[in-house]
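These notes concern the structure reproduced below.
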Amino acid sequence: MDLLVVAIVLAGGPDGLSRVQQLAETEVLEKFTVAFYGQHVHFERTGRFEMVDGRELPVFQWIYNTAIAE
């Protein structure tokens, strides 16, 4: 299975987190988690799309944060 770079748009979440994320995936996921300043920030796919730089990207909405265990 070939990996491809998928771009997604994040809605909500902490200030300073890049709104557009590039993922190396086999397909667009239903959930996405990113590590950000000692937290795992969790997002869920909304079914909506947003135009960014001429590309229609899937939108993921923030749902919650969890602490990263050390």
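Over all pairs of distinct alpha carbons, what does the Kirkwood formula give as the hydrodynamic radius of the chain, in Å?
Numbers: mean 1/r = 0.0789 Å⁻¹.
Taking every pair of different Cα atoms in the chain, averaging 1/r and inverting gives 12.7 Å.
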Which whole-Hz couplings ³J(HN,Hα) result when phi for each residue of segment 50-62 is put into the Karplus expression 6.51 cos²θ - 1.76 cosθ + 1.60, θ = phi - 60°, listed in order with x for Gly and Pro?
9, 7, 9, 6, x, 10, 8, 10, x, 9, 10, 9, 4
Expected sort for 47-54, 31-38, 4-11 on mean C-beta neighbours within 10 Å, highest first, is 4-11, 31-38, 47-54
Given backbone amide H placed at 1.01 Å from N, residues whose amide H is under 5 Å from that of residue 13, ignoring those fewer than 5 places away on the same chain, are 62
Cut-off 13 Å, label 7 Å out along Cα→Cβ of residue 11, residues of segment 31-46 by amide N
44-46
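FYI, it's all coordinate maths here, none of it is from the lab. These numbers were taken from a predicted model, which means no experiment stands behind them. Glycine also receives a Cβ, built like all others from the backbone with ideal geometry; neighbour counts cover every protein chain displayed.
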